[in-house]
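Below is one structure; the comments refer to it alone.
The values are calculated or read from the model by the stated rules, or taken from the named source; none is laboratory data. Worth saying up front: this structure is predicted, and the values here are computed from it rather than measured. Because the Cβ atoms are built from the backbone with ideal geometry, glycine has one as well, and the counts that use them run over all protein chains shown.
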Amino acid sequence: MHSEALRCGLLGRTLGHSYSPAIHAQLADYAYSLYEKEPEELERFLRSGDFDGLNVTIPYKKDVIPYCAELSDTARAIGAVNTLVRRPDGTLWGDNTDAYGFSMLMQASGADVRGKKALVFGSGGASATAQYVLRQMGAREIVVISRHGEDNYENLERHTDAEIAVNTTPVGMYPNTGVSPVDLSRFPKLEAALDVVYNPARTEFLLQAEQLGLKRENGLLMLAAQAKKSCEDFIGESVEDERIGEITKTLAARMQNVILIGMPGSGKTTVGTSVAAQLGRTFLDADAVLEQKAGMSIPEIFRREGEAGFRRRETAVLAELGKRSGLVIATGGGCVTRPENYPLLHQNGTIFCLTRDLNCLPASGRPVSQALGAEEIYRRRKPLYERFADVMVDNDRAVENAVRQILEVLG
């Protein structure tokens, strides 16, 4: 059967904004639909014959097994199926391509697993997959940390010799970002940390790993790799491994926010509006969002609540905007004065700092600029801007020049 004639899709209970259709569209030309089914609808759907191939997600990876006439060795070993193929005789064959996805994720991280002690946080289906792959890769010891198991969050001191950490829980996933299942600094021998979560790009778990200088990777590459392997099951042909990296890069670029920081009056709104227009994205000015939520202007907030009150409001706005995806966000000039704002912006974004000649910066309507003057503010904030920024962008010439610099970095 030609691939364009195949009917494929994703089976789950609540699929929301799944990336699977976009990924499969880049892999082959078959139809790929979302099938949201309640448990009582499952049997009828699986027996209906209305599909040729399916990916299976939460909560049905175990529930589909009884409907399979045969399982791959991997699916049988893990006890979970995430790919179904209808065979010519109408029966279903079940595979588990998550294992391939996770093994590619481990390779991409550069972590060396052989002979190492690994901690796997969580005890669900993703945990079973991670354990299977870690065993295949020669881990010396694999310990599953769960809330109620023998090894749990109350007795982690038993495992301070862990060298690999894998988060397979949904802790830290959008929209409940900024939390981690564990404090990674408790494991001094740790070499690598992997998170199967991919939204946000940098969970609190991975932000800690970054701070500790560990090898690390989020779950986006696993998602693309398992889709590639599923596609091979559907069409019965091999697909080049290079596609995994291409798809991961495309998705990551689409998901990440473009964050603009810099001195008050450095052109963040002008540049941000232009970048958003070029990328076909939504532009949001954090100060404008803050004023809208407060129901008063920034000078008014300063008068009533002082700078401390304003900064608290600003952090709340950045927490809300920073965890969203695919936005262009202009921040207030002083957001860098609070270290807690960095992970809020960094979790899903590339941070660009606009620089401009201090003599060109307007102070009107900017309470801090009026009180201290541009030179004094810049002296205090320059090291903070440099600490927050991924890229410095010169905005002393035409706006188009700054926009071009940003677009080049984004690729």
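Within the stretch 21-119, which helices (runs of 4 or more DSSP H) (wholly inside it) include 3 or more residues that are modelled with pLDDT of 95 or more and over 16 Å from Y132 (Cα atoms)?
Working: elements: 42-48, 73-78, 98-109.
Filter on the stretch 21-119 gives 42-48.
Taking Q131 as the residue in question, decide whether it is crowded, with 20+ Cβ neighbours inside 10 Å, under 27 Å from Y60 (Cα atoms) and in contact (Cβ under 8 Å) with a residue 12 or more places away in the chain. Spell out how you get there, then give the answer.
Numbers: crowded, with 20+ Cβ neighbours inside 10 Å: yes; under 27 Å from Y60 (Cα atoms): yes; in contact (Cβ under 8 Å) with a residue 12 or more places away in the chain: yes.
In short, yes.
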ask   = Is there a residue being part of a helix (DSSP H, G or I) and without any contact (Cβ under 8 Å) to a residue 60 or more places away in the chain anywhere in the stretch 252-266?
value = yes
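Take the conditions of a type in the set (A, V, I, L, M) and more than 30 Å from the chain's Cα centre (by Cα) and apply them to L46. Does it pass?
On the way: of a type in the set (A, V, I, L, M): yes; more than 30 Å from the chain's Cα centre (by Cα): yes.
Yes; evaluated as a whole, the condition is true for this residue.
Which of the residues belonging to the stretch 196-214 are in a loop (DSSP other than H, G, I, E, B) and either among the acidic types (D, E) or closer than 22 Å to A225 by Cβ (or both)?
V196, V197, Y198, N199, P200, A201, R202, T203, L214
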**Message:** Looking at the stretch 334-352, can you tell me whether even one residue there is within 30 Å of A398 (Cβ to Cβ), crowded, with 16+ Cβ neighbours inside 10 Å and free of Cβ contacts under 8 Å to residues at least 24 places away in the same chain?
**Reply:** no
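Filtering the stretch 309-329 down to residues that are under 25 Å from A252 (Cβ atoms) and assigned to a helix (DSSP H, G or I), which residue is farthest from the chain's Cα centre (by Cα)?
So in the stretch 309-329, the residues under 25 Å from A252 (Cβ atoms) come out as 317-329.
Among the residues that remain, those that are also assigned to a helix (DSSP H, G or I) are: 317-322.
Details: V317: 20, L318: 17, A319: 15, E320: 16, L321: 15, G322: 12 Å.
For the stretch 309-329, the residue satisfying everything is V317.
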- prompt: Is there a residue being touching an Asp or Glu at 6+ places or on another chain (Cβ under 6 Å), at pLDDT 95 or above, part of a strand (DSSP E or B) and more than 23 Å from S20 (Cα to Cα) anywhere in the stretch 174-195?
  reply: no
The one condition H148 fails out of (1) modelled with pLDDT of 95 or more; (2) part of a loop (DSSP other than H, G, I, E, B) is (1)
